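Before any comments, here is the structure.
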Amino acid sequence: MFFAQLHNRFSSPFFATFFGNSIIIAFQFFFIGEGYLNLVLLGPPGTGKGTIAKFIEERFGYTHISTGDLLRGEVAKKTEIGKAIEPVMNEGKLVRDVIVLEILKKKLSKVRKNFILDGFPRNLNQGKMLDLLLEQLGIGLEVVLEIDSDENVIVKRLSARRQCVKCRRIYGLDVPSKKIGVCDDCGAKTVLRKDDAPEVVKKRLGLYNEITKPLSDYYASKGLLVKVDGNLPLQNIFSEVESILAQREK
Ligand SMILES: [Zn+2]
């Protein structure tokens, strides 16, 4: 209460002119600020990463930066970059690192703090590129959260997923459709995606481990890596994530 009053006083036009904006910002930082934290989210497909990112977004008010969404956004807005990457994305191929970095740079220079980066980096080389970008922008990285699940848990979770053939909405173990095999939103059929079939999932996981393990070791050596047990029920994962972030907020 006292600090709120203090903040109001110092934010008044008179004090703003009198002391200058820097002092006002300093007061806000010490007394009113709720701390900040920038984080990268790592984890294989099927660990509920999207759900966890959404939880952090709602609970802490952070900005979820998904490189996949950013790329799709460029395509939808028909920007120069969007036009260039559309055919690549339609073929299901990966967009070149330099392009992803350019889009990410644009986004990060606007957001600057309290973000959850998801989808980039995916390998050690990209991790090093991200370091350079953050350094260039003067942005810090506080935590790399890795969601770790057993292969059988992931296979079980992904093979329970269904996608609507029409609107593309995805249903899973945590959020099933009300009627089995029918989309809640548009009433079309929901099916198992080819990508989510057990044999394909096992291949995807093998590839993920091979590529991401060095990245995870890299962040561990920098003291940034925190692992969360993705085998736990979602509510337990949420409370673990909550305590990690509360401890690490600056
Ligand atoms: Zn649908």
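Brief remarks follow.
- Every condition in (1) on the phi < 0 side of the Ramachandran plot; (2) surrounded by fewer than 15 Cβ atoms within 10 Å (Cβ to Cβ) is met by Leu205 except one, and the failing one is (2).
- Filtered residues of the stretch 218-250 (kept if in a helix (DSSP H, G or I) and touching a residue at least 24 places away in the same chain (Cβ under 8 Å)): Tyr218, Tyr219, Leu234, Ile237, Phe238, Val241, Glu242, Ile244, Leu245, Arg248
- So Val153, is it more than 16 Å from the ligand (Cβ to nearest atom), outside any loop (DSSP other than H, G, I, E, B) and under 25 Å from Arg59 (Cβ atoms): yes
- Leu215 surrounded by fewer than 14 Cβ atoms within 10 Å (Cβ to Cβ) and either away from the ligand (no atom under 16 Å from the Cβ) or assigned to a helix (DSSP H, G or I) (or both): no
- Candidate set from the stretch 164-173 (those that are modelled with pLDDT of 90 or more and part of a strand (DSSP E or B)); member that is nearest to Gly50 (Cα to Cα): Tyr171
- Scanning the stretch 85-125 for residues that are in a helix (DSSP H, G or I) and either among the acidic types (Asp, Glu) or touching a residue at least 60 places away in the same chain (Cβ under 8 Å) (or both) yields Glu86, Asp97, Glu102, Leu124.
- Test: residue in the stretch 116-139 that is away from the ligand (no atom under 16 Å from the Cβ), at pLDDT 95 or above, closer than 17 Å to Thr63 by Cα and among the aromatic types (Phe, Trp, Tyr): no
- Residue tally, condition free of Cβ contacts under 8 Å to residues at least 12 places away in the same chain, outside any loop (DSSP other than H, G, I, E, B) and within 16 Å of the ligand (Cβ to nearest atom), over the stretch 174-212: 2
- Close pairs (7 angstrom Cβ cut-off, 6 or more residues apart or separate chains): more than 15 Å from Val98 (Cα to Cα) in the stretch 66-84, of a type outside the set (A, V, I, L, M, F, W, C) and assigned to a loop (DSSP other than H, G, I, E, B) anywhere: Ser66/Gly119
- Among the residues listed as Ser216, Ser221, the single one being touching a Lys or Arg at 6+ places or on another chain (Cβ under 9 Å) and more than 24 Å from Arg168 (Cβ to Cβ): Ser216
- The lone criterion from (1) within 16 Å of the ligand (Cβ to nearest atom); (2) of a type in the set (Val, Ile, Thr); (3) touching a Pro at 6+ places or on another chain (Cβ under 8 Å) left unmet by Val165 is number (3).
The values are calculated or read from the model by the stated rules, or taken from the named source; none is laboratory data. Values in this document were obtained by computation on a predicted structure and should not be read as measured data. Counting neighbours? That spans all protein chains shown, and the Cβs are built from the backbone with ideal geometry, glycine included.
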